[in-house]
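Trainee: Before I ask anything, let me first share the structure, which is written out below as structure tokens.
The values are calculated or read from the model by the stated rules, or taken from the named source; none is laboratory data. Worth saying up front: this structure is predicted, and the values here are computed from it rather than measured. Here the Cβ positions follow ideal geometry from the backbone for every residue, glycine too, while neighbour counts run over all protein chains shown. What goes into the accessible areas is simple: the full protein's heavy atoms, side chains included, and nothing from ligands, DNA or RNA. Shrake-Rupley method; radii C 1.70, N 1.55, O 1.52, S 1.80 Å.
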Amino acid sequence: QVQLVESGGGLVQAGGSLRLSCAASGIGFRIAAMYWYRQAPGKQRELVASLTTAGSTDYADYVQGRFTISRDNAKNALYLQMNSLKPEDTAVYYCSAHLLGLSYWGQGTQVTVSS
């Protein structure tokens, strides 16, 4: 059974930082492309960052230069370092794994940025 469990969310002031973690189990983590998505109230879920098995990263324009995605294959863990947070970054952040045509999702972790 595949499980993705996010943690690290919370309340932070604008300009602050948070580090999200995603613990993966039941999946070939080393061969899965990993993603962070987010969904703000009343909005569609949107892609924040991606990280391939080859180590290639990609970021949405609105987080470029502020967020960094990384993975630790030895720990089956995915991370999202978020710096210079803005109120518009407030959302539920989801970890996702894509493998062999299937997508898996975590339950999400709330990030709230106060102005």
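Trainee: Mind counting the residues in region 91-107 that are surrounded by fewer than 20 Cβ atoms within 10 Å (Cβ to Cβ) and either of a type in the set (K, R) or at negative phi (or both)?
Mentor: 8
Trainee: Filter region 44-70 down to the residues that are touching a residue at least 24 places away in the same chain (Cβ under 8 Å) and either hydroxyl-bearing (S, T, Y) or open to solvent by 50 Å² or more (accessible area, probe 1.4 Å) (or both) and list them by number.
Mentor: Answer for region 44-70, where residues must be touching a residue at least 24 places away in the same chain (Cβ under 8 Å) and either hydroxyl-bearing (S, T, Y) or open to solvent by 50 Å² or more (accessible area, probe 1.4 Å) (or both): R45, Y62.
Trainee: With the checklist (1) exposed (fewer than 15 other Cβ atoms within 10 Å of the Cβ); (2) under 16 Å from S96 (Cα atoms) in hand, flag the one item L80 doesn't pass.
Mentor: (1)
Trainee: Hey, another quick one. For residues in region 1-36 being open to solvent by 40 Å² or more (accessible area, probe 1.4 Å), hydroxyl-bearing (S, T, Y) and at pLDDT 95 or above, which is nearest to A97 (Cα to Cα)?
Mentor: That would be Y35.
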